[in-house]
Structures are given as C-alpha cells and as structure tokens.
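Notes follow the structure.
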Amino acid sequence: MFEQMKWEDVYSLWDESSYNFSKILSAPMTAEPVFVEYNQKDSIYGFDWLQNEAAQARKALIEKNPLGFLYLQPTNKGTIQTAEMLINAQSEEELAAIWIAATAKELLEYWYGNGIGRYARMLYMTACEFLKTRYYLWHHAMKKLVPEILIPLPILENIDCKDAAPVMGLIQMNTVLLKSSWRILRYSSLKDEELPESCFRIRGRRFEKATNCRE
C-alpha cells in the first residue's frame, strides 16, 4: 500500500509554500489564439506548448504558410492534455491540483534515495483523487505531463526530503520557471462562437476514460 495524504493538507502545503510566488502560481493559464486558415469540411482545433521564442516563430510560420501547419508535430499528448486542463480550471484549487499532479508525476523518476520519488508519488496520488471527479485524467501510457523539469539536476540530487514540503517547493519552482519560459498556443480554424467545450472536463459527456492514479 502506498502512503497517502489528505487533499486538504496538500492544498494547505501548496498555499503555505506559495507565499513568495502567490500571484504567479494562482494566475489563470491562458492560451494564445492562432488562427489557421483551413477551407475544408472538417476543422482544426487543438493546443500545444512551445518555448517563448519557438512560439513566436510558430505563429509567424502559420501566418505565412497556413497549410504548413498540417505537417507540424505537436509536443506530446500528455502535455497537451495538461494545457487544456489548466486553461479550463475553474478555481485556484483546481489549478494547484493540476500543477501538483502533472509535475509530481515527472518527479517520480528522481529517486536517488533522497525521498523525492516517495513524496512525489504521495502528492501525485492525492491530487489525482481530488481531480478525478472534475476531469478525465491522463492515460497511464502518457510519458510526459509537463513540457520539462527545469530544475537543475544537482539540486534534485542533493535534496534530502524528510516530508513533502521540499517536493512541493520543487513543484512550485518548476511551475514558475515553466510559466515564464513556455507558452500555450491554441490553434483553430473556427470562429470564437464555434469553439468546442473542453474534452477533458466532466460534464456528462465522455471523451476519454478516466484512469486510475495507482498505475
């Protein structure tokens, strides 16, 4: 059996740890709209993460050559789902839970005997428990849920975790770094009034089967 935490305690830890970055961490995520000219029966609609400079280049490329969009490769299904979940979060608590779950999942590989993996798993599972009644969760086969772990490896190797607080600090540090260096783009050939609802938010319409957090 895996050790467990209560969501109330995890969210309280997030709140306490975010003191110095509260505005950055609580700010809603938005996507930059990129209109794609596409005169066919079907339509184009989707999200992607790109680093700031790459995002500017991508927007210029699509403006110059809309059909070139069809040959571009998206970053990753898991990160794209995270982007859409973040954009559709309806409260600061939901936003926190998505960041915690997605980033903690990426930190699971950093064991090193220092406790990061142990507490990352606890935070991941607890955040998923909170989210599973609100969203269809990431498929277990998705390999990446955030674009990058930007924290230098020497820091990860030299942290000694006695509880979940240092891992929460890592999650928040990585979130701040991502928000300052990456952007979410929303590609669409649709008019604003035609944009679909989120595929991943539970509204009685099923898009993708929710997965068990306990892989």
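The values are calculated or read from the model by the stated rules, or taken from the named source; none is laboratory data. It should be emphasised that the depicted structure is a prediction, and the values quoted were computed from it without experimental measurement. Cβ sites come from the backbone with ideal geometry, for glycine too, and all protein chains shown count toward neighbours. Surface accessibility is based on the protein's heavy atoms, side chains included, excluding ligands, DNA and RNA. Shrake-Rupley method; radii C 1.70, N 1.55, O 1.52, S 1.80 Å.
With 20 Å as the limit, write out which pairs from LYS23/LYS59; LYS144/LYS179; LYS23/LYS77; LYS23/LYS162; LYS6/LYS132; LYS77/LYS143 have Cα-Cα distances beyond it, or answer none.
In this structure, LYS23/LYS59; LYS23/LYS77; LYS23/LYS162 lie more than 20 Å apart at Cα.
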Q: Quote the accessible area belonging to ASP163 in square angstrom, nearest 10, computed with a 1.4 Å probe and with ligands, DNA and RNA left uncounted.
A: 80 Å²
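What is the local net charge at ILE171, summed over the other residues whose Cβ is closer than 11 Å to its Cβ (Lys, Arg +1; Asp, Glu -1)? Could you put the intermediate results ahead of the total?
Values: positive: LYS105; negative: GLU106.
That works out to 0.
Given a 1.4 Å probe and heavy atoms of the protein chains only, how would you sort ARG58, ARG203, largest accessible area at the top? Kindly include the intermediate steps, with their values, before the conclusion.
Numbers: ARG58 40, ARG203 115 Å².
Heavy-atom accessible area, descending, gives ARG203, ARG58.
Ranked highest first by the average count of other Cβ atoms within 10 Å around their residues, in what order do 117-123, 17-23, 175-181, 85-91 fall? Numbers along the way, then the final one.
Values: 117-123: 21.0, 17-23: 13.4, 175-181: 15.9, 85-91: 18.1.
Sorting 117-123, 17-23, 175-181, 85-91 by mean packing, highest first, produces 117-123, 85-91, 175-181, 17-23.
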